[in-house]
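What follows is a single structure, written as structure tokens, with notes after it.
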Amino acid sequence: MVVGAFMKDVIVAGRVPEGVTEKDLFGGVSHKPLLDLPHDYDMKTALAPHIERADGFVVLPGSDPLLTTSLLIGYQFQNPEVRGKPMVIYSPDDKPSPYVELIQTLRERGFVHQPEEQFYTVAKTIAEIPEKLNNGFGVPSGPKVEGHEDDPVYKDLVDRINREGASKTRPERNVAVFCSASNKNPHYLNMARETGQMLADNGYGMVFGGSNVSMMGEVAAGVHDRGGYVTGVTIPLFFGKEVQADQDKIDIDNIRIVSDIYERMHTMIDESDALVVLPGGIGTAQEMLAVMHMRDQDPELAAKPVVLYSEGGFWHGLQQMMEEYGYKEGVHFNVVDNQKDLNKVLDDGIPPANNAKPAGDTPPTAKRLASGPDIAPLRPRNPSANGRQPKDPKADRRTSARPVEAPRQRRAP
């Protein structure tokens with residue numbers, strides 16, 4: 001018996017195979033497929049409401065990877081926006097879905113601990129989709145994760161970190177690093193520390209998510225091992241749980257607290273000259289895809305190298321889903337599997353430094369906290385440009401240093 005066989009709003013993400021109809025996907029139930037978001041949608045104001053208004057999700061080849069990984073994060077933490085909503089991934093035996101491969105890899109390597117059935121149901125044929133979709137409506141996919149109130153942001157600790165780092169000079173060239181804040185495997189911890197050491201040895205400052213735990217803590221410690229400069233960007237909740245809660249060793253020279261994860265990603269990207277994605281969980285994959293999404297809309301960002309560190313094929317599933325969507329290795333991003341190649345990509349892609357910027361260029365974060373949690377952004381933003389203020393390319397050293405590659409063109413459905 002098919003449960004919940006009444007009209008629902010369903011996001012059908014990806015390309016519907018030739019000859020497949022809505023009846024094939026929905027089994028004769030008149031569900032309403034939601035229209036795709038426009039190509040230049042804003043992550044904060046458009047993506048989250050789009051997910052929230054849907055009752056279920058069908059993922060086909062060529063789906064928007066940022067949308068799909070955002071769904072996976074929602075299922076991982078059982079966010080109310082997705083709880084009780086089925087997600088069916090079409091993954092035939094002859095061509096498995098890269099999303100299924102991604103979750104399997106992350107589970108095998110200790111970056112995801114929830115069972116696969118908490119995230120999605122696999123349909124190996126089109127004919128299996130309707131029953132799996134309709135039987136999933138209203139059925140929670142995992143235990144509810146209780147929310148946490150934001151821990152108070154202790155201004156004295158913010159002031160202390162920024163005061164102690166004020167005597168150091170922030171390098172002109174900075175690299176943003178995205179990685180795990182939960183994995184404890186010594187191999188990956190060592191990889192992160194070596195990456196931080198390499199960045200400092202080559203004169204780069206580092207911008208990261210502002211945590212002192214797991215790989216994030218190790219990459220910052222590696223930069224400090226070599227006397228380098230670390231800028232942390234985080235939100236009040238993460239600051240309380242990942243920094244304030246363990247103050248024994250904080251390898252951060254300037255900490256910036258912003259209002260939400262979207263502003264966090266924008267700030268990390270704005271303040272860096274290149275972006276490196278080390279092994280991590282679903283959140284790290286989402287950050288990589290957010291970078292690619294913003295890269296489509298910002299010529300300045302398109303000039304910054306984006307590097308996927310995929311030792312042992314770690315990010316093969318992520319790479320596949322990006323290429324399925326139209327992002328190409330060697331065109332839109334680089335893939336390396338060792339420190340030597342990572343260093344070469346950064347050295348070739350980042351223009352030489354001119355003059356170092358003093359650490360005091362950015363006002364102390366504590367000043368921005370005075371008015372409460374709604375913290376003012378670091379820079380004025382233009383909502384029509386996906387929340388980013390366009391710059392005069394003639395005044396930007398990155399644009400004059402090398403040609404700016406045209407943003408990716410989305411494949412036709």
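The values are calculated or read from the model by the stated rules, or taken from the named source; none is laboratory data. The shown structure was predicted, so the numbers you read here are calculated from the model rather than taken from an experiment. Every residue, glycine as well, gets a Cβ built from its backbone with ideal geometry; the counts of neighbours run over all protein chains shown.
Among the residues of region 66-85, write down those that are over 25 Å from Gln319 (Cα atoms) and in contact with a strand residue (DSSP E or B) (Cβ under 6 Å, 6 or more places away or on another chain).
Lys85
Okay, residues lined up against (1) in a loop (DSSP other than H, G, I, E, B); (2) of a type outside the set (Gly, Ala, Ser):
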| residue | (1), (2) |
| --- | --- |
| Val10 | no, yes |
| Val20 | yes, yes |
| Ser30 | yes, no |
| Leu47 | no, yes |
| His50 | no, yes |
| Val58 | no, yes |
| Ser70 | no, no |
| Gly74 | no, no |
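Could you say whether any residue in region 217-231 is in the same structural domain as Val306 (by TED's automatic domain parsing), on the phi < 0 side of the Ramachandran plot, under 16 Å from the mean Cα position of the chain (by Cα) and crowded, with 24+ Cβ neighbours inside 10 Å?
The answer is no, given that none of the residues of region 217-231 is in the same structural domain as Val306 (by TED's automatic domain parsing), on the phi < 0 side of the Ramachandran plot, under 16 Å from the mean Cα position of the chain (by Cα) and crowded, with 24+ Cβ neighbours inside 10 Å.
For region 269-318, which positions are among the polar types (S, T, N, Q), buried (at least 22 other Cβ atoms within 10 Å of the Cβ) and either in contact with a strand residue (DSSP E or B) (Cβ under 9 Å, 6 or more places away or on another chain) or not assigned by TED's automatic domain parsing to the domain that holds Pro171 (or both)?
Passing the criteria: Ser272, Thr284.
Looking at the structure I just gave you, is Asp260 crowded, with 18+ Cβ neighbours inside 10 Å, at pLDDT below 90 and either more than 29 Å from Thr45 (Cβ to Cβ) or not basic (Lys, Arg) (or both)? Break it down stepwise before answering.
Values: crowded, with 18+ Cβ neighbours inside 10 Å: no; at pLDDT below 90: yes; either more than 29 Å from Thr45 (Cβ to Cβ) or not basic (Lys, Arg) (or both): yes.
The answer is no for Asp260.
Name the helices (runs of 4 or more DSSP H) wholly inside region 94-188 in which the number of residues that are closer than 25 Å to Asp9 by Cβ, modelled with pLDDT under 95 and among the aliphatic types (A, V, I, L, M) is 1 or more.
98-108, 129-134
Restricting to region 74-83, and then to whatever is surrounded by fewer than 20 Cβ atoms within 10 Å (Cβ to Cβ) and in contact with an Asp or Glu (Cβ under 9 Å, 6 or more places away or on another chain), can you tell me which residue is modelled with the highest pLDDT?
This residue is Glu81.
For region 185-198, which positions are in contact (Cβ under 8 Å) with a residue 60 or more places away in the chain, in contact with a helix residue (DSSP H, G or I) (Cβ under 7 Å, 6 or more places away or on another chain) and farther than 17 Å from Asp341 by Cα?
If the condition is that a residue be in contact (Cβ under 8 Å) with a residue 60 or more places away in the chain, in contact with a helix residue (DSSP H, G or I) (Cβ under 7 Å, 6 or more places away or on another chain) and farther than 17 Å from Asp341 by Cα, then Tyr188 is the only one that fits.
Going by the conditions given, is Gly205 more than 17 Å from Val345 (Cβ to Cβ), touching a Phe, Trp or Tyr at 6+ places or on another chain (Cβ under 6 Å), of a type outside the set (A, V, I, L, M, F, W, C) and buried (at least 22 other Cβ atoms within 10 Å of the Cβ)?
yes
Just to verify a result, which residue in region 24-59, among those that are under 18 Å from Pro86 (Cβ atoms) and at pLDDT below 85, is nearest to the chain's Cα centre (by Cα)?
Going through the qualifying residues, I end up with Leu34.
Residue-wise test of (1) part of a helix (DSSP H, G or I); (2) over 30 Å from Val100 (Cα atoms).
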site	(1), (2)
Ala200	yes, yes
Met216	yes, no
Gly228	no, yes
Glu287	yes, no
Ala290	yes, no
Arg295	yes, no
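Any idea which of Ser91, Ser63 is under 18 Å from His316 (Cα atoms), without any contact (Cβ under 8 Å) to a residue 60 or more places away in the chain and crowded, with 18+ Cβ neighbours inside 10 Å?
After ruling out the rest, the residue left standing is Ser91.
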